[in-house]
Amino acid sequence: MSRHITTSNIRQFILESVADHDSDLAAHVASTLGISRQAVNKHLKSLVEDNQLVADGKTRSRRYSLKPTHEAHLVLLNDGTLQEDVPWTEQLRPLLNDLPRNVFEILQYGLTEMLNNAIDHSESRDISIAMLRTALAVQLQVMDSGIGIFRKIKNAMNLESELQAICELSKGKLTTDPTRHSGEGIFFTSRMFDEFRILSGSLFFSHSQPNNDWLMECSTTSSIKGTSVNMILSVTSTREFKTVFDQFASPENDFKFSRTHVPVKLVQYGSDALVSRSQAKRLLKRFDMFEEVWLDFAGISMIGQGFADEVFRVYAKEHPHIKFVPINASPQVAGMISHALSNSII
């Protein structure tokens, strides 16, 4: 097996394994790739010398971690003159402009969109930016100490809870200032990065690739003032800005943001099953702004008859211009959807 593995392959595997095997890295690499510990140790030594890894301790107690190759920490005054492109152009771009074009474009889009949101919506006097680059990935963070994104949305839209604000945020076309914003920034940014996370108050919302995993959690023990947005992208990502954009704003629709993808589990609070019409109505809020809605049932094992009927018969009949596309439906969910659709024909 080792005869077919290049030096580049071995070192890439080492770097990708550090996070989960910091204390047994050499043994893990040797057993997985079928090469000697001696050979692995030579690669580890080279990676340390190349400033891609940091080694701490000696012999059997040695632990490894990725070494940052570039870092930046900025504290910005949000005094009405701050422009989102200036920190990128002056401080961050010089540290990232050697990356592949597609990676660079996504980083630029994500940073400027999230900074613009903080400038215009957070009501925070100070905004901080952190950038950490390693041999594997770039991590960007935008933090403010303002009102908090979920609370801001809840208040502006008169929603029942901040949890409902997260569901609305995932749909896109959501902004508390429609005269200056389209509500597209978080929707597209969350789908371009490998990891996208928002922490605000006691609520945590995240999306991760490649499995399209969505998570919403509420902590009863910790909370932050304001909002923290974290974005991580592999430096070898093949994802293209235009490809992600075209999924939801395609040329056949004159590049209008006409299609949305909604994780249905974001309307499921705690262990509550999705059985009622009121739950369905929360899910359906603002769907009339789109022409096509992908309803992603990943993580949902069952739905009730009332829930399915409200979405796929009642609402669909009242809004015939909307195309509903259910995906990742379990057999029970698919069966309940089919039942609702059969009733709509009668």
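The values are calculated or read from the model by the stated rules, or taken from the named source; none is laboratory data. All of these numbers come straight from a predicted model, not from anything done at the bench. So basically every Cβ, Gly included, is an ideal-geometry build from the backbone, and we count neighbours across all protein chains shown.
Below, the figures for the structure above:
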| item | result |
| --- | --- |
| Residue match in region 78-91 (condition: in the same structural domain as residue 191 (by TED's automatic domain parsing), among the aromatic types (Phe, Trp, Tyr) and out of contact with any Asp or Glu (no Cβ under 6 Å at 6 or more places or on another chain)) | yes |
| Selection status of residue 240, in contact with a helix residue (DSSP H, G or I) (Cβ under 6 Å, 6 or more places away or on another chain), within 23 Å of residue 189 (Cα to Cα) and either of a type outside the set (A, V, I, L, M) or outside the structural domain of residue 159 (by TED's automatic domain parsing) (or both) | yes |
| Pairs, first farther than 15 Å from residue 289 by Cα in region 170-188, second hydroxyl-bearing (Ser, Thr, Tyr) and modelled with pLDDT under 85, C-beta under 7 Å, six or more apart | 181/175 |
| From 324, 248, residue being of a type in the set (A, V, I, L, M, F, W, C) and modelled with pLDDT of 95 or more | 324 |
| Residues (assigned to a helix (DSSP H, G or I) and surrounded by 14 or more Cβ atoms within 10 Å (Cβ to Cβ)) located in region 283-298 | 283, 284, 287, 289 |
| Residue 301 in the same structural domain as residue 334 (by TED's automatic domain parsing), in a loop (DSSP other than H, G, I, E, B) and touching a residue at least 12 places away in the same chain (Cβ under 8 Å) | yes |
| Number of the exception - residue 74 against (1) of a type in the set (A, V, I, L, M, F, W, C); (2) free of Cβ contacts under 8 Å to residues at least 12 places away in the same chain; (3) within 29 Å of residue 140 (Cα to Cα) | (2) |
| Qualifying residue in region 48-59 (condition: in contact with a Phe, Trp or Tyr (Cβ under 6 Å, 6 or more places away or on another chain) and outside the structural domain of residue 235 (by TED's automatic domain parsing)) | yes |
| Residue count for region 58-74, restricted to those that are farther than 19 Å from residue 29 by Cα and either more than 31 Å from the chain's Cα centre (by Cα) or among the acidic types (Asp, Glu) (or both) | 1 |
| Boolean, residue 110 is within 24 Å of the chain's Cα centre (by Cα) and either in a strand (DSSP E or B) or not assigned by TED's automatic domain parsing to the domain that holds residue 21 (or both) | yes |
| Filtered residues of region 55-110 (kept if among the aromatic types (Phe, Trp, Tyr) and closer than 20 Å to residue 43 by Cβ) | 64 |
| Candidate set from region 321-346 (those that are within 31 Å of the chain's Cα centre (by Cα) and surrounded by fewer than 12 Cβ atoms within 10 Å (Cβ to Cβ)); member that is nearest to residue 294 (Cα to Cα) | 325 |
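For every residue, the table says whether it meets (1) under 26 Å from residue 190 (Cβ atoms); (2) not in a helix (DSSP H, G or I).
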| site | (1), (2) |
| --- | --- |
| 262 | yes, yes |
| 281 | yes, no |
| 310 | no, no |
| 341 | no, no |
